[in-house]
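Chemist: The structure follows.
The values are calculated or read from the model by the stated rules, or taken from the named source; none is laboratory data. None of the values given here were measured: they were computed from a predicted structure. In this analysis, Cβ positions are derived from the backbone assuming ideal geometry, glycine residues included, and neighbour counts consider all displayed protein chains.
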Amino acid sequence: MRQASTFMLLTFIALTGMSMRALAQSQQGASGDERGGAVIVTTGQAFLADLWTATSNPGDPQLECVDGYAPRRTTWFSFLSQSPTVFVSARGSRDEDDVVIAVFSQSETGITLVGCSSHGARDDETETSLCLNNLTVGEPYVVMIGRFFDSGMKAIVTINNGCPAWQIAPCHLPTGTCVLLEGSACAFAGGRWAQDDASCSVQCPSGPPNDSWLSPTVLNPQGAPQRVSIDCSADDSQLSWFGLGPTLRRGVWFRVAGTGATLRVICSTPERTLSSTAVAFCDSGNAIDLLTVAQVYGEPEAEEGVFLEWCSEVGKSYLIVFGLHWSPSQSGFADVWVEDLGTCSPVTRCCRADANFNGGLDSQDIFDFLNFYFTQDQRADYNRDGAIDNADLFDFLNAYFAGC
């Protein structure tokens, strides 16, 4: 009876919140939510992009800088170019780096993409920037501001004439060549921008083969260490499901099968020079769930590096991601291996309803999930479909009361 009453109360709270958000979205009006109602702005001034009340539109263009997807919660602005070189930046109100900027030229037949960016050109998790060259002075351009994930925030946007000098650094292109480019132009070209490199000393013909959770390198207990370089690896957007997006950068992935024993995965870097993080996940084939996290900052007392340890289930697939802690500008390699420490009990299990990842279910998980839900935090995307809606809430509540 108590569980049923709690369920009904939480459902009422959630639906009330959804109704309020829906009302706010319906009151958005023509304040830049559609390209036809783009807000006219002046270069050299800051203005607000309200990505809380903005809506996703079926006609929004798909962009290469977000893997061919259309950004969500888009708002539109227009400006008259006063310089052939223009710098656009958007600083979000939340510590996430998935704000998208796209700039288009206009004609009677439609719009044409000039450039887009979903990355900052400095090591700043709250800023996205884009440097544009060869614009036509006196011509109008439209700017689209949106998000990769369907969660709200506000962003301060500026459009200035000319690009800062600090923007230029080596860009490692997918073709294997290296050129000096501005950061957002490098991202638009699909390259890796090496802002701290003095020259094009590291070549990146492609990322490592295990750069994605869909193509991990297999580890075998007592097998030889696997050496992996993180120089050319990329960030993983899926880590935002666990609040790890800003924490773990440029990850590389491994798979290990459970043996019924305690497994220890060790990620060792030469002379412990890398500030690194490692995370273990339960792998269900089309989704991942958090198991355990470990991190090390290169302290001398961490003799073996960073390691993960858990009681594994026989035959179960586990994924390991190893990457840099916070700073994406470091480079180097690591040796990764797994050890079987003998039989164990009980098995360490993943539970998606454990919203605060403390290893158990309690009332705090409900409060934390509702907080993620009402603030549109990506950790509330329970069904991993890229949108935070009532389906996520009901799926969470069903799993919570079922005990996972």
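Chemist: Would you pick out the residues in segment 209-230 that are assigned to a loop (DSSP other than H, G, I, E, B), at pLDDT 80 or above and touching an Asp or Glu at 6+ places or on another chain (Cβ under 9 Å)?
Modeler: Asp211, Ser212, Trp213, Pro216, Pro221, Pro225
Chemist: How many residues, within segment 23-47, are at pLDDT 80 or above and of a type in the set (A, V, I, L, M, F, W, C)?
Modeler: Of the residues in segment 23-47, 6 are at pLDDT 80 or above and of a type in the set (A, V, I, L, M, F, W, C).
Chemist: Within segment 381-393, track down each residue that is touching a residue at least 60 places away in the same chain (Cβ under 8 Å) and assigned to a helix (DSSP H, G or I).
Modeler: Asn390, Leu393, listed by residue number.
Chemist: Under 8 Å between Cβ atoms, at least 6 apart or on separate chains: pull out the pairs that start in segment 44-58 with a residue that is in contact (Cβ under 8 Å) with a residue 40 or more places away in the chain and farther than 18 Å from Ile388 by Cα and end on any residue that is part of a strand (DSSP E or B) and of a type in the set (Lys, Arg).
Modeler: Leu48/Lys154; Ala49/Lys154
Chemist: Within segment 48-81, count every residue that is charged (D, E, K, R) and modelled with pLDDT of 80 or more.
Modeler: Within segment 48-81, the subset charged (D, E, K, R) is 50, 60, 64, 67, 72-73.
Retained after the next criterion (residues that are modelled with pLDDT of 80 or more): 50, 60, 72-73.
Going through segment 48-81 one residue at a time, the tally reaches 4.
Chemist: Quick one: would you say Thr16 is surrounded by 13 or more Cβ atoms within 10 Å (Cβ to Cβ), modelled with pLDDT under 75, in a helix (DSSP H, G or I) and of a type in the set (Val, Ile, Thr)?
Modeler: no
Chemist: Among the numbered conditions (1) more than 14 Å from Met144 (Cβ to Cβ); (2) at pLDDT 80 or above, tell me where Ser93 comes up short.
Modeler: (2)
Chemist: How many residues, within segment 66-83, are in a strand (DSSP E or B) and β-branched (Val, Ile, Thr)? Break it down into steps so the answer makes sense when it comes.
Modeler: Here is the first cut: in segment 66-83, the residues in a strand (DSSP E or B) are 69, 72-80.
From what is left, the residues that are β-branched (Val, Ile, Thr) are 74-75.
Final tally of qualifying residues: 2.
Chemist: Any idea which of Ser199, Ser184, Ser206, Ser233 is at pLDDT 70 or above and of a type in the set (Gly, Ala, Ser)?
Modeler: Ser233
Chemist: Follow-up question, since we're still on this one. On the basis of being at pLDDT below 70 and within 16 Å of Val306 (Cβ to Cβ), does Arg250 make the cut?
Modeler: Considered against the rule, which asks whether it is at pLDDT below 70 and within 16 Å of Val306 (Cβ to Cβ), Arg250 comes out as no.
Chemist: When segment 67-84 is examined, which residues are found to be touching a residue at least 24 places away in the same chain (Cβ under 8 Å) and farther than 22 Å from Leu48 by Cα?
Modeler: Tyr69, Ser83, Pro84, listed by residue number.
Chemist: To continue, here is another question. Of all residues in segment 295-324, how many are modelled with pLDDT under 70 and on the phi < 0 side of the Ramachandran plot?
Modeler: Going through segment 295-324 one residue at a time, the tally reaches 9.
Chemist: Here's a follow-up. Within segment 375-392, can you find the residues that are modelled with pLDDT of 85 or more and more than 17 Å from Asp289 (Cα to Cα)?
Modeler: Asp389, Asn390, Ala391
Chemist: Still on this structure, I have one more. Test each condition in (1) buried (at least 16 other Cβ atoms within 10 Å of the Cβ); (2) within 19 Å of Ile111 (Cβ to Cβ); (3) not aromatic (Phe, Trp, Tyr) for Gly59 and report the one that comes out false.
Modeler: If we test Gly59 against (1) buried (at least 16 other Cβ atoms within 10 Å of the Cβ); (2) within 19 Å of Ile111 (Cβ to Cβ); (3) not aromatic (Phe, Trp, Tyr), just (1) comes out false.
Chemist: Does segment 353-364 hold any residues that are out of contact with any Cys (no Cβ under 9 Å at 6 or more places or on another chain) and modelled with pLDDT of 85 or more, and which are they?
Modeler: Ala355, Asp362, Ser363, Gln364, listed by residue number.
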